[in-house]
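Inspection log for the structure reproduced underneath, given as structure tokens.
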Amino acid sequence: MISERMREILVGAVKDAEQSTLKDIASGDLSGEENITIDLLKAIKILCFQAIEKNKDNSGRFTYEVTARDFPKRTLEPIVGADFAISLRKYDVWGNSEHLEKVKSVLVQAKLPESTDYKRLAKQVNDMGQISDESYIAVYDLTGVYIVKSTDVIEAGYRVKNVTADKRLSLDDFFSDIFICQRGKVGLDAREIKIKTSPRRKLKQLEFTIKEYIF
């Protein structure tokens, strides 16, 4: 969906965000799965937004919006199964109006490498599967974040470490695949996921918008 040039720029920003978060972990300034997730998503938002502002083309006909939705540990995450979701939307711009042409999303459960609560992971994978077959596990390793698909985790007996290297994706490759529509469930908008039993609360959103001209 996103042009190759803009995709390369955004993937570079995602990589820089990952390195920034890893630096904070290594220095002892950051720990805990939830804190790492929040730090990483904020870094991605800031760096991608800066990259877009520097390289955007406002003469475009199409607008692309990338958002991340956080599912809090004590409310939504136990039900949805994911810690966060990434959505990509494409809008067709006509004059002063925008029409949503396409949307797709992925669900992601985050884990630290030392996690051994396989029973809990099994439930989380199952809960995500009730919403979408495009669900993934992100592992915050000391050398970098890697992503594995839930189906591969199931085949590995929920031992994420047993998923072979050829089935692991780096964080920047994962986002690159999202940007070119190789990953994500078409028609699923993470902002529309509603859990009837969850309390009312303001959603944590991080968004950045891309405008460019498509010939």
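Brief remarks on what is shown
- Across the range 64-69, rounded Karplus estimates of 3J(HN,Hα) from the backbone phi angles (6.51 cos²θ - 1.76 cosθ + 1.60, θ = phi - 60°) give 10, 10, 10, 10, 10, 10 Hz, Gly and Pro being marked x.
- Span-like helix ranges in the chain, DSSP H, alpha carbon extent 15 angstrom or more, Kyte mean at least -0.5: 4-26, 33-55
- Per-residue [θ]222 nm for the chain (sum of -39500 (n - 2.57) over DSSP H runs n ≥ 4, rounded to 500): -11500 deg cm²/dmol
- DSSP assigns beta bridges within the range 4-212; of those with both partners inside it, close to 90 percent run antiparallel.
- Length available on full extension from Ser115 to Arg61: 0.36 nm per residue minus the Cα-Cα distance, which gives 14.9 nm.
- Remark: the range 87-100, residue by residue, has Karplus-estimated 3J(HN,Hα) of 10, 10, 10, 10, 10, 9, 9, 10, x, 9, 10, 10, 10, 5 Hz, where x stands for each Gly or Pro and the curve is 6.51 cos²θ - 1.76 cosθ + 1.60 at θ = phi - 60°.
- For Leu188, residues with placed amide H under 5 Å, excluding near neighbours: Ser105
- Computed from the C-beta positions of Glu34 and Lys167 and an R0 of 25 Å, the FRET efficiency is 0.45 to the nearest 0.05.
Bear in mind that the values in this text are calculations on the coordinates, not laboratory data. Fair warning: this is a prediction, and the values are worked out from it, not measured in the lab. Cβ coordinates were reconstructed from backbone atoms using ideal geometry, including for glycine residues, and neighbour counts include every protein chain displayed.
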